[in-house]
Amino acid sequence: MENAFTAVKVTDHVYWVGAVDWNIRDFHGYATDRGTTYNAYLVMADRVTLIDTVKKPFMDEMLSRIASVIEPSKIDFIVSNHSEMDHSGSLPAVIEAVRPEKVFASANGRTALEEHFHMNGSVGEIADGGEIDLGNMKITCYETRMLHWPDSMVSYLHEDRLLFSQDAFGMHLASTDLFDDAHPLRLLEEEAAKYYANILMPFSHLVLKALERIAGLGVDIDIVAPDHGPVWRKNIGWIFDAYRRWAEREPGNKAVIFHDTMWGSTDLMARAIADGLRAGGAGVKVLRLGSAHRSDIATELLDAGAIVVGSPTINNQIFPTVADALTYITGLKPKGLVGFAFGSYGWSGESVKHIEEALAGMRVELVAEGIKVRYVPTDEDLAACRARGVELAVKLREISGAG
Ligand code: FEO
(Lines give C-alpha, C1' and ligand atoms only; values in the text may rest on other atoms or scores of the structure.)
Protein backbone atom coordinates (compact mmCIF):
# COMPACT_ATOMS: atom_id res chain seq x y z
CA MET A 1 0.00 0.00 0.00
CA GLU A 2 1.24 3.49 -0.83
CA ASN A 3 2.01 5.81 2.07
CA ALA A 4 -0.35 8.75 2.51
CA PHE A 5 2.71 10.97 2.97
CA THR A 6 6.25 10.47 1.77
CA ALA A 7 9.67 11.61 2.92
CA VAL A 8 11.72 14.18 1.00
CA LYS A 9 15.40 13.48 0.45
CA VAL A 10 17.78 16.10 1.86
CA THR A 11 21.07 14.22 1.35
CA ASP A 12 21.98 10.61 0.58
CA HIS A 13 21.45 9.80 4.27
CA VAL A 14 18.94 12.35 5.52
CA TYR A 15 15.21 12.65 4.82
CA TRP A 16 12.75 15.34 5.80
CA VAL A 17 9.88 13.57 7.56
CA GLY A 18 8.04 16.56 9.05
CA ALA A 19 4.57 17.99 8.56
CA VAL A 20 3.10 21.00 6.78
CA ASP A 21 0.58 23.05 8.75
CA TRP A 22 -1.13 25.04 6.02
CA ASN A 23 -3.82 26.43 8.30
CA ILE A 24 -2.19 27.83 11.44
CA ARG A 25 -2.61 31.61 11.66
CA ASP A 26 -1.74 32.23 15.32
CA PHE A 27 1.43 30.74 16.75
CA HIS A 28 1.30 31.69 20.42
CA GLY A 29 0.46 35.27 19.59
CA TYR A 30 2.54 35.56 16.41
CA ALA A 31 0.51 35.93 13.19
CA THR A 32 1.55 33.14 10.83
CA ASP A 33 -0.12 34.34 7.66
CA ARG A 34 1.69 31.80 5.52
CA GLY A 35 1.26 28.78 7.83
CA THR A 36 4.27 26.79 8.94
CA THR A 37 6.05 23.46 8.88
CA TYR A 38 7.22 21.30 11.75
CA ASN A 39 10.42 19.77 10.44
CA ALA A 40 11.69 16.40 11.63
CA TYR A 41 14.57 14.56 9.99
CA LEU A 42 15.43 10.91 9.61
CA VAL A 43 19.13 10.00 9.47
CA MET A 44 19.58 6.68 7.70
CA ALA A 45 22.88 5.71 9.36
CA ASP A 46 23.79 2.31 10.82
CA ARG A 47 21.90 3.50 13.88
CA VAL A 48 18.75 5.04 12.40
CA THR A 49 18.10 8.37 14.11
CA LEU A 50 15.13 10.72 14.22
CA ILE A 51 15.92 14.40 14.82
CA ASP A 52 13.01 16.11 16.62
CA THR A 53 9.37 15.23 16.17
CA VAL A 54 6.28 17.28 15.30
CA LYS A 55 3.30 18.94 16.96
CA LYS A 56 0.99 16.31 18.38
CA PRO A 57 -1.88 16.43 15.82
CA PHE A 58 0.66 15.82 13.03
CA MET A 59 2.23 12.63 14.39
CA ASP A 60 0.52 10.34 11.88
CA GLU A 61 1.79 12.47 9.01
CA MET A 62 5.35 12.18 10.33
CA LEU A 63 5.11 8.41 10.92
CA SER A 64 3.70 7.95 7.42
CA ARG A 65 6.66 9.85 5.93
CA ILE A 66 9.09 7.78 8.01
CA ALA A 67 7.36 4.60 6.86
CA SER A 68 7.96 5.61 3.25
CA VAL A 69 11.69 5.11 4.00
CA ILE A 70 11.87 2.55 6.78
CA GLU A 71 9.63 0.76 9.25
CA PRO A 72 9.39 3.28 12.17
CA SER A 73 10.17 0.56 14.73
CA LYS A 74 13.66 0.38 13.20
CA ILE A 75 14.55 3.82 14.62
CA ASP A 76 17.37 3.37 17.15
CA PHE A 77 17.81 6.89 18.50
CA ILE A 78 15.76 10.06 18.81
CA VAL A 79 17.47 13.42 19.35
CA SER A 80 15.30 16.18 20.84
CA ASN A 81 17.02 19.47 20.05
CA HIS A 82 14.19 21.56 21.53
CA SER A 83 11.41 20.64 23.92
CA GLU A 84 8.77 23.21 22.92
CA MET A 85 5.61 21.33 22.06
CA ASP A 86 5.63 22.08 18.34
CA HIS A 87 8.65 19.73 18.22
CA SER A 88 8.02 17.45 21.19
CA GLY A 89 4.23 17.20 21.39
CA SER A 90 4.22 13.82 19.72
CA LEU A 91 7.46 12.59 21.35
CA PRO A 92 5.88 10.48 24.13
CA ALA A 93 3.58 8.72 21.65
CA VAL A 94 6.44 8.27 19.15
CA ILE A 95 8.60 6.69 21.87
CA GLU A 96 5.69 4.41 22.71
CA ALA A 97 5.23 3.44 19.05
CA VAL A 98 8.92 3.14 18.09
CA ARG A 99 10.58 2.05 21.34
CA PRO A 100 13.97 3.51 20.46
CA GLU A 101 17.09 2.35 22.24
CA LYS A 102 17.92 5.89 23.37
CA VAL A 103 16.42 9.38 23.40
CA PHE A 104 18.90 12.25 23.70
CA ALA A 105 18.31 15.80 24.91
CA SER A 106 20.43 18.43 26.65
CA ALA A 107 20.33 18.34 30.46
CA ASN A 108 17.80 21.18 30.44
CA GLY A 109 15.93 19.45 27.63
CA ARG A 110 15.64 16.24 29.62
CA THR A 111 14.23 18.20 32.58
CA ALA A 112 11.80 20.13 30.36
CA LEU A 113 10.56 16.96 28.66
CA GLU A 114 10.08 15.26 32.03
CA GLU A 115 8.17 18.27 33.33
CA HIS A 116 6.00 18.50 30.24
CA PHE A 117 5.23 14.84 29.72
CA HIS A 118 6.27 12.98 32.92
CA MET A 119 8.35 10.53 30.91
CA ASN A 120 9.66 8.41 33.78
CA GLY A 121 13.29 8.68 32.86
CA SER A 122 12.94 7.62 29.21
CA VAL A 123 15.04 10.60 28.03
CA GLY A 124 18.82 10.59 28.45
CA GLU A 125 21.17 13.55 28.63
CA ILE A 126 23.81 14.51 26.10
CA ALA A 127 26.50 16.91 27.26
CA ASP A 128 27.39 20.13 25.45
CA GLY A 129 29.80 18.99 22.74
CA GLY A 130 28.76 15.37 23.29
CA GLU A 131 28.92 12.90 20.41
CA ILE A 132 26.40 10.30 19.31
CA ASP A 133 27.94 7.36 17.48
CA LEU A 134 25.67 6.23 14.66
CA GLY A 135 28.10 3.52 13.48
CA ASN A 136 29.06 4.82 10.06
CA MET A 137 28.20 8.43 10.98
CA LYS A 138 28.58 10.77 13.91
CA ILE A 139 26.49 13.58 15.42
CA THR A 140 27.86 16.22 17.79
CA CYS A 141 25.41 18.23 19.92
CA TYR A 142 26.05 21.84 20.95
CA GLU A 143 23.92 23.63 23.51
CA THR A 144 22.42 26.97 22.44
CA ARG A 145 20.82 27.87 25.76
CA MET A 146 18.06 30.50 25.53
CA LEU A 147 17.97 30.32 21.75
CA HIS A 148 15.25 30.44 22.52
CA TRP A 149 14.58 28.09 25.46
CA PRO A 150 16.98 26.93 28.19
CA ASP A 151 17.00 23.44 26.65
CA SER A 152 17.86 24.41 23.07
CA MET A 153 20.71 22.70 21.27
CA VAL A 154 21.81 22.10 17.68
CA SER A 155 23.18 18.86 16.20
CA TYR A 156 25.86 18.54 13.55
CA LEU A 157 26.00 15.48 11.28
CA HIS A 158 29.66 15.33 10.31
CA GLU A 159 29.60 13.11 7.23
CA ASP A 160 26.91 15.21 5.50
CA ARG A 161 28.18 18.55 6.87
CA LEU A 162 24.63 19.20 8.01
CA LEU A 163 23.56 21.34 10.97
CA PHE A 164 20.17 20.54 12.50
CA SER A 165 19.54 24.00 13.94
CA GLN A 166 16.10 23.61 15.61
CA ASP A 167 14.26 26.97 15.68
CA ALA A 168 17.35 29.00 14.74
CA PHE A 169 17.41 30.10 11.07
CA GLY A 170 13.79 28.94 10.72
CA MET A 171 10.64 30.71 9.59
CA HIS A 172 6.92 30.13 9.47
CA LEU A 173 6.29 29.30 5.83
CA ALA A 174 4.10 26.38 4.75
CA SER A 175 5.31 24.94 1.47
CA THR A 176 5.92 21.72 -0.36
CA ASP A 177 9.18 23.21 -1.68
CA LEU A 178 11.69 22.04 0.89
CA PHE A 179 14.82 23.97 -0.09
CA ASP A 180 15.63 27.67 0.16
CA ASP A 181 16.60 27.91 -3.51
CA ALA A 182 13.01 27.16 -4.52
CA HIS A 183 11.82 30.42 -2.94
CA PRO A 184 12.47 34.09 -3.80
CA LEU A 185 15.12 35.46 -1.42
CA ARG A 186 12.83 38.42 -0.72
CA LEU A 187 10.19 36.06 0.71
CA LEU A 188 12.79 34.21 2.79
CA GLU A 189 14.09 37.53 4.13
CA GLU A 190 10.59 38.70 5.04
CA GLU A 191 9.67 35.54 6.92
CA ALA A 192 13.09 34.90 8.50
CA ALA A 193 13.17 38.51 9.74
CA LYS A 194 9.68 38.15 11.17
CA TYR A 195 10.73 34.94 12.91
CA TYR A 196 13.88 36.54 14.29
CA ALA A 197 12.03 39.63 15.56
CA ASN A 198 9.26 37.68 17.25
CA ILE A 199 11.22 34.73 18.66
CA LEU A 200 14.91 35.57 18.94
CA MET A 201 15.20 39.35 19.34
CA PRO A 202 15.25 39.25 23.18
CA PHE A 203 18.28 36.95 23.02
CA SER A 204 20.30 38.83 20.41
CA HIS A 205 23.47 38.92 22.54
CA LEU A 206 23.34 35.11 22.67
CA VAL A 207 22.73 34.90 18.92
CA LEU A 208 26.03 36.71 18.37
CA LYS A 209 27.79 34.27 20.70
CA ALA A 210 26.20 31.29 18.94
CA LEU A 211 27.30 32.61 15.53
CA GLU A 212 30.82 32.99 16.87
CA ARG A 213 30.73 29.47 18.25
CA ILE A 214 29.48 27.99 14.98
CA ALA A 215 32.20 29.84 13.08
CA GLY A 216 34.78 28.59 15.58
CA LEU A 217 33.82 24.92 15.33
CA GLY A 218 36.15 24.52 12.40
CA VAL A 219 33.63 22.44 10.47
CA ASP A 220 32.13 23.01 7.04
CA ILE A 221 28.38 23.46 6.88
CA ASP A 222 26.78 22.59 3.55
CA ILE A 223 23.21 22.40 4.82
CA VAL A 224 21.32 24.06 7.67
CA ALA A 225 18.13 22.20 8.51
CA PRO A 226 15.89 24.16 10.90
CA ASP A 227 12.70 23.00 12.60
CA HIS A 228 10.45 25.40 10.63
CA GLY A 229 10.42 26.44 6.98
CA PRO A 230 12.90 25.73 4.21
CA VAL A 231 16.20 23.86 4.50
CA TRP A 232 19.13 26.15 3.65
CA ARG A 233 21.58 24.83 1.07
CA LYS A 234 22.20 27.84 -1.17
CA ASN A 235 21.93 30.92 1.05
CA ILE A 236 23.68 29.73 4.23
CA GLY A 237 26.15 32.62 4.29
CA TRP A 238 23.29 35.02 3.66
CA ILE A 239 21.16 33.78 6.59
CA PHE A 240 24.17 33.79 8.95
CA ASP A 241 24.95 37.39 7.89
CA ALA A 242 21.30 38.38 8.29
CA TYR A 243 21.27 36.94 11.83
CA ARG A 244 24.38 38.94 12.68
CA ARG A 245 22.81 42.12 11.29
CA TRP A 246 19.53 41.58 13.15
CA ALA A 247 21.34 40.67 16.37
CA GLU A 248 23.49 43.81 16.19
CA ARG A 249 20.35 45.87 15.44
CA GLU A 250 21.93 49.14 14.44
CA PRO A 251 19.23 51.85 14.58
CA GLY A 252 18.08 52.70 11.06
CA ASN A 253 16.71 55.96 9.72
CA LYS A 254 13.17 54.70 10.14
CA ALA A 255 10.35 55.27 12.63
CA VAL A 256 7.59 52.81 13.47
CA ILE A 257 4.33 54.45 14.51
CA PHE A 258 1.72 52.18 16.04
CA HIS A 259 -1.58 53.24 17.47
CA ASP A 260 -5.30 52.65 17.59
CA THR A 261 -8.17 55.05 17.37
CA MET A 262 -11.78 55.31 18.54
CA TRP A 263 -13.25 58.09 16.38
CA GLY A 264 -10.33 58.82 14.07
CA SER A 265 -8.55 61.58 16.04
CA THR A 266 -5.51 59.56 17.12
CA ASP A 267 -5.27 58.16 13.59
CA LEU A 268 -5.21 61.70 12.14
CA MET A 269 -2.40 62.56 14.55
CA ALA A 270 -0.46 59.44 13.48
CA ARG A 271 -0.76 60.42 9.83
CA ALA A 272 0.43 63.99 10.50
CA ILE A 273 3.43 62.73 12.52
CA ALA A 274 4.25 60.32 9.68
CA ASP A 275 4.14 63.16 7.18
CA GLY A 276 6.57 65.15 9.29
CA LEU A 277 8.95 62.21 9.48
CA ARG A 278 8.76 61.81 5.70
CA ALA A 279 9.39 65.50 5.16
CA GLY A 280 12.36 65.29 7.51
CA GLY A 281 13.88 62.49 5.43
CA ALA A 282 13.09 59.49 7.64
CA GLY A 283 11.53 56.21 6.59
CA VAL A 284 8.26 55.59 8.36
CA LYS A 285 5.77 52.75 8.84
CA VAL A 286 2.34 53.41 10.28
CA LEU A 287 0.59 50.42 11.80
CA ARG A 288 -2.88 50.90 13.13
CA LEU A 289 -3.83 48.05 15.43
CA GLY A 290 -6.87 46.26 14.18
CA SER A 291 -5.40 46.41 10.67
CA ALA A 292 -1.86 45.54 11.75
CA HIS A 293 -0.80 42.72 14.04
CA ARG A 294 1.53 43.01 17.03
CA SER A 295 3.97 40.60 15.38
CA ASP A 296 4.25 42.86 12.31
CA ILE A 297 5.18 45.77 14.60
CA ALA A 298 7.99 43.61 16.02
CA THR A 299 9.26 42.87 12.50
CA GLU A 300 9.25 46.54 11.50
CA LEU A 301 11.26 47.40 14.62
CA LEU A 302 14.11 45.15 13.53
CA ASP A 303 15.70 47.92 11.45
CA ALA A 304 14.07 50.98 13.04
CA GLY A 305 15.60 53.72 15.15
CA ALA A 306 12.40 55.19 16.56
CA ILE A 307 9.11 54.04 18.02
CA VAL A 308 6.10 56.35 18.28
CA VAL A 309 3.02 55.09 20.06
CA GLY A 310 -0.47 56.56 20.11
CA SER A 311 -3.69 55.80 21.91
CA PRO A 312 -6.92 57.50 22.80
CA THR A 313 -7.82 57.50 26.50
CA ILE A 314 -10.64 55.14 27.39
CA ASN A 315 -11.87 54.99 30.98
CA ASN A 316 -8.57 56.54 32.16
CA GLN A 317 -6.55 53.85 30.36
CA ILE A 318 -4.72 53.10 27.12
CA PHE A 319 -6.85 51.53 24.42
CA PRO A 320 -6.66 47.71 25.00
CA THR A 321 -5.13 46.90 21.60
CA VAL A 322 -2.30 49.38 22.24
CA ALA A 323 -1.71 47.96 25.74
CA ASP A 324 -1.53 44.48 24.19
CA ALA A 325 1.07 45.54 21.63
CA LEU A 326 3.11 47.44 24.22
CA THR A 327 3.23 44.38 26.50
CA TYR A 328 4.27 42.17 23.60
CA ILE A 329 6.95 44.53 22.27
CA THR A 330 8.34 45.16 25.78
CA GLY A 331 8.95 41.42 26.12
CA LEU A 332 10.92 41.37 22.88
CA LYS A 333 13.37 43.96 24.31
CA PRO A 334 14.15 46.02 21.20
CA LYS A 335 17.29 48.01 21.96
CA GLY A 336 18.49 51.53 21.20
CA LEU A 337 15.18 53.18 20.24
CA VAL A 338 14.11 56.79 20.65
CA GLY A 339 10.52 57.97 20.48
CA PHE A 340 7.51 59.68 22.01
CA ALA A 341 3.81 59.16 22.76
CA PHE A 342 0.65 60.80 21.47
CA GLY A 343 -3.11 60.46 21.71
CA SER A 344 -6.50 62.10 21.82
CA TYR A 345 -8.79 62.28 24.83
CA GLY A 346 -12.13 63.62 26.00
CA TRP A 347 -11.74 64.79 29.59
CA SER A 348 -9.03 63.00 31.63
CA GLY A 349 -6.34 62.10 29.05
CA GLU A 350 -4.11 59.58 30.84
CA SER A 351 -3.15 57.51 27.79
CA VAL A 352 -0.03 59.50 26.88
CA LYS A 353 1.34 59.24 30.41
CA HIS A 354 0.68 55.47 30.47
CA ILE A 355 2.40 55.01 27.11
CA GLU A 356 5.40 57.04 28.27
CA GLU A 357 5.70 54.80 31.33
CA ALA A 358 5.61 51.74 29.08
CA LEU A 359 8.22 53.21 26.72
CA ALA A 360 10.47 54.05 29.67
CA GLY A 361 10.10 50.40 30.80
CA MET A 362 11.27 49.43 27.31
CA ARG A 363 14.27 51.78 27.75
CA VAL A 364 13.17 53.94 24.86
CA GLU A 365 14.74 57.38 25.08
CA LEU A 366 11.85 59.86 25.09
CA VAL A 367 13.12 62.65 22.83
CA ALA A 368 10.00 64.81 22.84
CA GLU A 369 7.11 65.60 25.12
CA GLY A 370 3.99 63.53 24.46
CA ILE A 371 1.29 65.18 22.37
CA LYS A 372 -2.27 65.26 23.73
CA VAL A 373 -5.23 66.55 21.74
CA ARG A 374 -8.72 67.03 23.17
CA TYR A 375 -11.51 65.41 21.13
CA VAL A 376 -10.64 66.28 17.51
CA PRO A 377 -7.35 67.82 16.33
CA THR A 378 -7.47 71.29 14.84
CA ASP A 379 -5.26 72.27 11.91
CA GLU A 380 -2.86 73.79 14.44
CA ASP A 381 -2.79 70.52 16.41
CA LEU A 382 -2.00 68.56 13.27
CA ALA A 383 0.70 71.05 12.31
CA ALA A 384 2.23 70.49 15.77
CA CYS A 385 2.12 66.71 15.21
CA ARG A 386 3.80 67.16 11.85
CA ALA A 387 6.45 69.41 13.40
CA ARG A 388 7.13 66.76 16.04
CA GLY A 389 7.64 64.25 13.22
CA VAL A 390 10.18 66.56 11.55
CA GLU A 391 11.95 66.98 14.90
CA LEU A 392 12.17 63.21 15.35
CA ALA A 393 13.53 62.83 11.81
CA VAL A 394 16.43 65.14 12.75
CA LYS A 395 17.19 62.99 15.80
CA LEU A 396 16.92 59.83 13.70
CA ARG A 397 19.43 61.12 11.17
CA GLU A 398 21.80 61.80 14.03
CA ILE A 399 21.55 58.35 15.64
CA SER A 400 21.42 56.35 12.41
CA GLY A 401 24.24 58.22 10.75
CA ALA A 402 22.03 58.87 7.68
CA GLY A 403 23.21 61.77 5.55
FE1 FEO B 1 9.45 25.86 17.09
FE2 FEO B 1 10.52 27.10 20.03
O3 FEO B 1 9.53 25.99 18.92
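With respect to the conditions (1) open to solvent by 30 Å² or more (accessible area, probe 1.4 Å); (2) assigned to a helix (DSSP H, G or I); (3) in contact (Cβ under 8 Å) with a residue 12 or more places away in the chain, Glu250 lacks only one, and its number is (2). Applying the selection to the range 71-87, what residues are open to solvent by 20 Å² or more (accessible area, probe 1.4 Å), outside any loop (DSSP other than H, G, I, E, B) and within 10 Å of the ligand (Cβ to nearest atom)? Passing the criteria: only Met85.
When the residues of the range 346-395 are narrowed to those that are among the acidic types (Asp, Glu) and part of a helix (DSSP H, G or I), which ends up nearest to Ala255 (Cα to Cα)? Ranking the candidates gives Glu391 first. Filtered by the rule that a residue be within 14 Å of Arg145 (Cβ to Cβ) and in contact (Cβ under 8 Å) with a residue 40 or more places away in the chain, the range 209-232 gives Ala210, Arg213.
Taken together, the residues in the range 355-379 that are charged (D, E, K, R) and either over 19 Å from Pro312 (Cα atoms) or outside the structural domain of Thr321 (by TED's automatic domain parsing) (or both) amount to 2. The single condition from (1) assigned to a helix (DSSP H, G or I); (2) within 16 Å of the ligand (Cβ to nearest atom); (3) out of contact with any Pro (no Cβ under 8 Å at 6 or more places or on another chain) that Ala112 fails is (3). The number of residues in the range 88-109 that are assigned to a loop (DSSP other than H, G, I, E, B) and open to solvent by less than 30 Å² (accessible area, probe 1.4 Å) comes to 4.
In the range 154-172, what residues are at negative phi, assigned to a loop (DSSP other than H, G, I, E, B) and more than 11 Å from the ligand (Cβ to nearest atom)? Hits for the range 154-172 are His158, Glu159, Asp160.
Taken together, the criteria place Phe240 among residues that are modelled with pLDDT of 95 or more and open to solvent by 40 Å² or more (accessible area, probe 1.4 Å).
Are any residues in the range 122-153 assigned to a strand (DSSP E or B), within 16 Å of the ligand (Cβ to nearest atom) and open to solvent by less than 10 Å² (accessible area, probe 1.4 Å), and if so, which ones? Answer for the range 122-153, where residues must be assigned to a strand (DSSP E or B), within 16 Å of the ligand (Cβ to nearest atom) and open to solvent by less than 10 Å² (accessible area, probe 1.4 Å): just Met153. Scan the range 61-78 for residues that are over 19 Å from Lys9 (Cα atoms) and not small (Gly, Ala, Ser) and the total you get is 2.
The values are calculated or read from the model by the stated rules, or taken from the named source; none is laboratory data. If you're wondering where the values come from, they're calculated on a predicted model, not measured in any experiment. In this analysis, Cβ positions are derived from the backbone assuming ideal geometry, glycine residues included, and neighbour counts consider all displayed protein chains. When the accessible area is computed, the model is the full protein with side chains, heavy atoms only, and any ligands, DNA or RNA have been set aside. Shrake-Rupley method; radii C 1.70, N 1.55, O 1.52, S 1.80 Å.
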